[in-house]
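Peer 1: Structure below; questions to follow.
The values are calculated or read from the model by the stated rules, or taken from the named source; none is laboratory data. Since the model is a prediction, treat every value here as computed from it, not as a measurement. Cβ sites come from the backbone with ideal geometry, for glycine too, and all protein chains shown count toward neighbours. Keep in mind that these areas ignore ligands, DNA and RNA; they rest on the heavy atoms of the full protein, side chains included. Shrake-Rupley method; radii C 1.70, N 1.55, O 1.52, S 1.80 Å.
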Amino acid sequence: LCADDVVRLFLDWIEIYHELHFAAIKLINDNPGITRGAIWDQLYGDRPREDSAEADLFKLVIRDLSTGGVIRQHRETTYDGQFVKRRGRRTGSGTMKSAFDDVEPYVLTGLGKWFVHYAMEDAAPQVADNEGFQ
């Protein structure tokens, strides 16, 4: 993976992600370990029904960022950075996990942190000027 590949990836993300994606990224960056419910609460306040278009859109934004490699659920690691396997968790509930779940914490991935640094912070213009990127 070279710097040009990373810059191209970041440019692709800037092109495809909507301001909702960037708002969620900012909240996760500013509040590592924030839950989906807390993200929604800070962005919009009152939570809609689980079967609403708003809930579907919010799940899509989180899924886009997760599958895109920008965010992930927090996981414990070993001393050398290996992810620790989770033990299966069974709940007695007959319902699916909420779009506005208040249990699972989210963090930026390593690549997500790079993206925030280079595309969303003040450092980006200096990097672009120094490296000849336009």
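Peer 1: Which pairs turn up if I take residues in the range 96-107 that are assigned to a loop (DSSP other than H, G, I, E, B) and look for partners that are small (Gly, Ala, Ser) and surrounded by fewer than 16 Cβ atoms within 10 Å (Cβ to Cβ) with beta carbon separation below 9 Å, at least 6 apart in sequence or on another chain?
Peer 2: Filtered contacts from the range 96-107: Ala99/Ser52.
Peer 1: Taking the condition modelled with pLDDT under 85 and aromatic (Phe, Trp, Tyr), does Phe58 pass?
Peer 2: Judged against the criteria, Phe58 is not a match.
Peer 1: Working only within the range 67-95, note down all residues that are open to solvent by 40 Å² or more (accessible area, probe 1.4 Å), modelled with pLDDT of 80 or more and not in a helix (DSSP H, G or I).
Peer 2: Scanning the range 67-95 gives Arg72, Gln73.
Peer 1: Could you list all residues from the range 2-59 that are assigned to a loop (DSSP other than H, G, I, E, B) and charged (D, E, K, R)?
Peer 2: Passing the criteria: Asp46, Arg47, Arg49, Glu50, Asp51.
Peer 1: State the number of residues belonging to the range 32-67 that are within 16 Å of the chain's Cα centre (by Cα) and aromatic (Phe, Trp, Tyr).
Peer 2: Final tally of qualifying residues: 2.
Peer 1: Right, something else. Looking at the range 25-65 only, could you name the residues that are in contact (Cβ under 8 Å) with a residue 12 or more places away in the chain, open to solvent by less than 80 Å² (accessible area, probe 1.4 Å) and closer than 13 Å to Pro105 by Cβ?
Peer 2: Hits for the range 25-65 are Leu27, Ile28, Gly33, Ile34, Thr35, Arg36, Gly37, Ala38, Ile39, Ile62.
Peer 1: Please verify whether Asp5 is more than 19 Å from the chain's Cα centre (by Cα) and within 19 Å of Thr109 (Cβ to Cβ), treating the condition exactly as stated.
Peer 2: yes
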